[in-house]
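Working notes for the structure below.
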Amino acid sequence: EDHPQFGCALPLEAMVTDLEILRDLGCNFVRTCHYPNDMRFLDLCDELGFCVWEESHARCVDFDHPKSRGQIADSTREMIDWHYNHPSILMWGCLNECDSVSADGRKEHQRVIEIIRDADDSRPVTFASNKAQSDRCLDLVDIVSWNRYVGWYHGPPEGAEDDLKDLLKWLNFEYDYAQRLYGGKNKPVIMSEFGAGAIPGYRRPHHAKWTEQYQGEVLDEQLAVYLNHPQVVGATIWQFCDCRVTNGHFNGRPRTMNNKGTVSEFRLPKAAYEVVKRHMHESRRRWQKQQRRKPRKASG
């Protein structure tokens, strides 16, 4: 929800344009930003057939702050009260990249997930984790969701397959303490954030970081792995469009923007656009082919 002409108050026409761009890309699943979204946007997702992961307002939050618990609880309950009847919403999310490692962090995840389930027990619950093998809250959710920026914040682009393999091996491994599990064995997995930054118009023959070419290469590697793995049921690129950030966010960013968009803030396609479009449409064709191969039950 950011636009150079309208700020965070997007008119309906701009929302329609965004969803039409996503449809051209071949996308059918949207993870919203880390807060409940505009009701009109959800109305459009209902009408156009997009599936939605929506989450309450809390990202990298400090649980020690005296106001945090009340704010998170209120935001979560209000989100479900307002948006419960939207058929496009497939799942509820919470606590993006929060402390899911410590004992106190686990208590907070358990508390918020219970709030969601008390308000709506008909939808699965998840949270986007960047804690990898340190996470100790995956037994609390229905879907395991990982934020992994292979080729951007860590490792080379071609490391996405090995990174996912290591995570899945850990996820399904039984540890010795009373033969308990880490909590995610046999659960579906969503790659909830991945991608790379690119400054619009910045292209170089050597494909350096921040070039449009490098972003395309990173997404090419990641999508080839994530959209073809049998245990990965969904993948949401971070992010749709470039958006504004504060000056000090993440030690500063070029242009004071998060530049990971497949399109610029003006919705102009970057070089990665065609990469994403190719992978998304190929994935859809594979799925359609698989459906045609499934045997049909005879009717009597």
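The values are calculated or read from the model by the stated rules, or taken from the named source; none is laboratory data. Keep in mind that this is a model prediction, so the values were computed, not measured. Glycine gets a Cβ as well: all are built from the backbone with ideal geometry, and neighbour counts include every protein chain shown. Ligands, DNA and RNA are stripped out before the accessible areas are found, and what is left, the full protein with its side chains, is counted by its heavy atoms. Shrake-Rupley method; radii C 1.70, N 1.55, O 1.52, S 1.80 Å.
Scanning segment 195-233 for residues that are of a type in the set (D, E, K, R) and open to solvent by less than 40 Å² (accessible area, probe 1.4 Å) turns up just one, 212. When the residues of segment 96-115 are filtered to those that are touching a helix residue (DSSP H, G or I) at 6+ places or on another chain (Cβ under 7 Å) and either open to solvent by 10 Å² or more (accessible area, probe 1.4 Å) or without any contact (Cβ under 8 Å) to a residue 24 or more places away in the chain (or both), the one that is farthest from residue 73 (Cα to Cα) is 101. Taken together, 153, 149 contain a single residue that is surrounded by fewer than 18 Cβ atoms within 10 Å (Cβ to Cβ) and hydroxyl-bearing (Ser, Thr, Tyr), which is 153. Hey, does segment 39-47 have a residue that's in a loop (DSSP other than H, G, I, E, B), within 18 Å of the chain's Cα centre (by Cα) and either among the acidic types (Asp, Glu) or modelled with pLDDT of 95 or more (or both)? Checked against the condition, which is being in a loop (DSSP other than H, G, I, E, B), within 18 Å of the chain's Cα centre (by Cα) and either among the acidic types (Asp, Glu) or modelled with pLDDT of 95 or more (or both), segment 39-47 yields no hits at all.
Here residue 124 meets each of (1) on the phi > 0 side of the Ramachandran plot; (2) of a type outside the set (A, V, I, L, M, F, W, C); (3) open to solvent by 20 Å² or more (accessible area, probe 1.4 Å) with one exception, condition (1).
Any idea how many residues of segment 70-79 are open to solvent by less than 100 Å² (accessible area, probe 1.4 Å) and either among the charged types (D, E, K, R) or under 19 Å from the mean Cα position of the chain (by Cα) (or both)?
Filtering segment 70-79 for residues open to solvent by less than 100 Å² (accessible area, probe 1.4 Å) gives 70-76, 78-79.
Cutting the leftovers down to either among the charged types (D, E, K, R) or under 19 Å from the mean Cα position of the chain (by Cα) (or both) gives us 74, 76, 78-79.
Matching residues across segment 70-79 total 4.
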